[in-house]
């Protein structure tokens with residue numbers, strides 16, 4: 001039984017946002033929200049069920065009958081109001097990301113501000129995009145697809161919600177959002193902000209619940225025309241398969257095991273710090289993190305020294321401290337996952353250059369791991385092929401540029417990559433999904 005002190009400090013969320021109102025959850029399952037810095041319960045959220053999802057979908061369908069025919073000027077007005085309303089809550093959204101997720105302060109605010117900018121970007125695109133175009137006797141009219149089901153991940157909650165909602169509002173779609181249940185406090189703060197923007201009833205609906213329950217209902221429900229999902233490959237595969245039964249349009253943003261190639265002509269004083277920023281982005285809990293670092297074999301010892309020197313800046317601790325570079329993992333489960341991969345890397349024969357197993361000294365209460373860099377990694381190892389989603393970097397040496405490209409492309413992922421060198425023109429035509437970074 002909870003003590004009086006617990007009752008006073010633990011927040012309780014029992015409602016969903018449906019048809020312009022906060023309504024009590026039909027689902028009765030309750031989940032604890034755990035603060036990742038100390039493992040303590042900070043909130044309890046009542047999860048939605050299929051009935052909650054169906055009510056939200058029905059509200060969105062009713063609203064689409066009107067909003068789907070809205071003029072460009074009306075949609076631009078709503079985007080402007082959304083930008084204004086969410087901008088007013090930047091501090092709150094940043095603070096709750098730090099508290100609930102453990103996002104470091106310097107990154108959390110960037111995530112929130114990047115999300116807010118999506119409303120302005122969508123407005124610009126909408127103003128410039130012709131709704132109707134003609135070629136001879138043919139006229140093409142851009143029409144909203146219908147009710148959009150938005151399913152977002154826990155590692156950048158504000159960014160995902162804003163990006164997806166901005167696109168839907170601009171297109172004339174109505175929305176049912178299922179945020180990660182692990183981001184319930186962040187989602188509630190965001191919903192409060194969005195509610196203040198004054199969207200028409202039913203245009204924006206939110207049900208917090210499990211993907212296997214609420215998400216599954218959205219995917220199979222015939223009244224949902226579009227699914228936009230950010231999350232794991234396994235769930236993305238299931239959504240693609242199950243959504244086909246109702247011919248849904250599906251957009252998936254899945255995992256990554258992104259390569260960073262440091263060229264032989266690179267200035268390591270610039271390239272290595274940049275590569276480590278990419279690797280440990282958002283404490284490593286980022287799909288675009290550059291967690292495979294390819295360096296010339298002839299400069300491997302130099303790379304090791306540069307990495308060890310730069311890693312002194314990657315302090316682990318309280319994410320609210322602006323000097324901290326790496327915060328906790330989001331949950332005990334994620335902590336155990338990352339630790340299992342560090343053990344696996346050692347078992348596979350890779351060498352630990354920095355970090356290793358176990359919590360950093362003095363941080364035993366939370367879900368903290370040591371930022372870890374492996375060297376002598378083979379590209380076939382699990383730590384080089386599987387998405388760890390934590391602060392673990394694999395350094396892989398290469399003999400030639402051709403080998404670097406081949407190794408970088410020997411992956412099931414293709415989300416992001418980077419090339420660092422001084423001769424940008426020489427590398428611009430490489431067959432990589434890449435960002436060229438001068439060093």
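List of remarks:
- Qualifying residue in the range 84-95 (condition: touching a helix residue (DSSP H, G or I) at 6+ places or on another chain (Cβ under 6 Å), under 22 Å from residue 118 (Cβ atoms), assigned to a loop (DSSP other than H, G, I, E, B) and assigned by TED's automatic domain parsing to the domain that holds residue 202): yes
- Odd one out for residue 377 among (1) surrounded by fewer than 18 Cβ atoms within 10 Å (Cβ to Cβ); (2) under 15 Å from residue 275 (Cβ atoms): (1)
- If you go through the range 226-281 and keep only what is more than 30 Å from residue 60 (Cα to Cα) and in contact with a helix residue (DSSP H, G or I) (Cβ under 6 Å, 6 or more places away or on another chain), you end up with 259, 260, 261, 262, 268, 272, 273, 276.
- Filter result for residue 209 (at pLDDT 95 or above and not in a helix (DSSP H, G or I)): yes
- Taken over the range 199-215, residues that are surrounded by fewer than 20 Cβ atoms within 10 Å (Cβ to Cβ) and more than 13 Å from residue 47 (Cβ to Cβ) amount to 2.
- Residue match in the range 267-276 (condition: at pLDDT 95 or above, outside the structural domain of residue 36 (by TED's automatic domain parsing), within 27 Å of residue 238 (Cα to Cα) and assigned to a helix (DSSP H, G or I)): no
Residues checked against (1) under 30 Å from residue 159 (Cβ atoms); (2) in the same structural domain as residue 180 (by TED's automatic domain parsing); (3) out of contact with any helix residue (DSSP H, G or I) (no Cβ under 6 Å at 6 or more places or on another chain):
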{"residue": "297", "(1), (2), (3)": "no, no, yes"}
{"residue": "305", "(1), (2), (3)": "no, no, yes"}
{"residue": "338", "(1), (2), (3)": "yes, no, yes"}
{"residue": "359", "(1), (2), (3)": "yes, no, yes"}
{"residue": "365", "(1), (2), (3)": "yes, no, yes"}
{"residue": "372", "(1), (2), (3)": "yes, no, no"}
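- Any hit, the range 64-82, residues being within 21 Å of the chain's Cα centre (by Cα) and either without any contact (Cβ under 8 Å) to a residue 40 or more places away in the chain or over 29 Å from residue 329 (Cα atoms) (or both): yes
- Flag for residue 63 being buried (at least 16 other Cβ atoms within 10 Å of the Cβ) and touching a strand residue (DSSP E or B) at 6+ places or on another chain (Cβ under 8 Å): yes
- Taking the conditions (1) at pLDDT 95 or above; (2) surrounded by fewer than 24 Cβ atoms within 10 Å (Cβ to Cβ); (3) under 16 Å from the mean Cα position of the chain (by Cα) in turn, residue 280 satisfies each one other than (2).
- Condition check for residue 238: in the same structural domain as residue 353 (by TED's automatic domain parsing) and either surrounded by 17 or more Cβ atoms within 10 Å (Cβ to Cβ) or modelled with pLDDT of 95 or more (or both): no
- Scan of the range 148-178 for residues that are out of contact with any strand residue (DSSP E or B) (no Cβ under 7 Å at 6 or more places or on another chain) and not in a helix (DSSP H, G or I), ordered by number: 154, 155, 156, 172
- Residue in the range 179-198 that is surrounded by the fewest Cβ atoms within 10 Å (Cβ to Cβ), counting only those that are more than 16 Å from the chain's Cα centre (by Cα) and outside any helix (DSSP H, G or I): 198
- Among (1) outside any helix (DSSP H, G or I); (2) touching a residue at least 60 places away in the same chain (Cβ under 8 Å); (3) crowded, with 21+ Cβ neighbours inside 10 Å - the single one residue 145 does not satisfy: (3)
The values are calculated or read from the model by the stated rules, or taken from the named source; none is laboratory data. Just so you know, these numbers come straight off a predicted model, no measurement behind them. Heads up, the Cβs are rebuilt from the backbone with ideal geometry, glycines too, and the neighbour counts pull from every protein chain shown.
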